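Derivation of every value follows stated rules applied to the coordinates shown; laboratory data play no part. This is a predicted model, so every value here is computed, not measured. Cβ placement follows ideal geometry from the backbone for every residue including glycine, while neighbour counts extend to all protein chains displayed.
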Amino acid sequence: MLTLSMIEFINEYKSFFWILAAASTLLFLLSLLLIPLFFIRIPGDYFMRNEKSSEKATKSPLKIVLIIFRNFLGWLLMICGVAMLLLPGQGFLTIIISLTLIDFPHKRKFEYYLISRPLIIKTINRLRKKAGVAPLRLVSALRE
C-alpha cells in the first residue's frame with residue numbers, strides 16, 4: 001500500500017494541478033465574457049411569451065440534430081456550471097444558461113422561478129441597461 005503525504009502527492013501530480021488551474025482560469029475568463037453577452041441577447045419579452053405548446057409533430061432531420069446539439073451543449077454547460085460553484089467562475093449563472101438550452105417538462109416555470117429572484121433579475125437588468133438594451137420583463141402568470 002502506497003501512502004503519500006499531501007506535499008508528495010502535489011509534487012507527484014504537479015503538471016495535473018497546473019493544467020487544472022489553467023482550465024479553471026480559462027473557464028472563468030470565458031464566463032466573464034460569454035455570460036453577460038447571453039443575458040444581453042435574451043429578448044426583453046422572453047418571459048412574457050406563451051410557451052410553445054403546439055410545435056410541428058414532424059421535425060426535419062436537421063431540426064432533430066440541432067435539438068440534440070442544443071441539449072448536449074446545455075448538459076456540458078451544466079457540468080461546467082456545477083464545477084464553477086467550486087472553481088473560479090460564474091457557476092450559478094452558467095447553470096441558468098444551461099437550463100435554457102436543455103429540454104425538460106415545466107422548463108419555462110423553472111426558468112421563471114430562478115430568474116425572478118430579486119437579486120438575479122436586478123443584476124441582469126442592470127447589465128442590460130449598461131448595454132443599452134431594454135430590461136427583461138416578467139409576467140406573474142408564469143409563477144403559478
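Taking the inverse of the mean 1/r over every pair of distinct Cα atoms in the chain gives a Kirkwood hydrodynamic radius of 17.8 Å.
Within a straight-line Cα-Cα reach of under 23 Å, Lys59 can be paired with the following lysines, leaving aside sequence neighbours fewer than 8 residues apart in one chain: Lys107. Extension gain, Arg49 to Phe104: 0.36 nm times the residue separation minus the Cα-Cα distance gives 18.0 nm.
Hydrophobic, long helices, defined as DSSP H runs whose alpha-carbon span along the helix axis is 30 Å or greater and whose mean Kyte-Doolittle value is at least -0.5, occur in the chain at 14-41, 61-86. Extending 7 Å from Cα along the Cβ direction at Leu86 and again at Trp18 yields two label points whose distance is 2.3 nm. Assuming a ≥ b ≥ c are the square roots of the Cα gyration tensor eigenvalues, decide whether segment 75-144 counts as rounded (a/c under 1.5), prolate (otherwise, with a/b larger than b/c) or oblate. It is oblate, given that a/c is not under 1.5 and a/b is not larger than b/c.
Using a simple charge model, +1 on the beta-carbon of Lys and Arg, -1 on the beta-carbon of Asp and Glu, nothing else, what dipole does the chain show about its Cα centre, in debye to the nearest 20? Walk me through the numbers before you get to the answer.
On the way: 19 positive and 8 negative charges, 176 e Å.
For this selection, approximately 840 debye.
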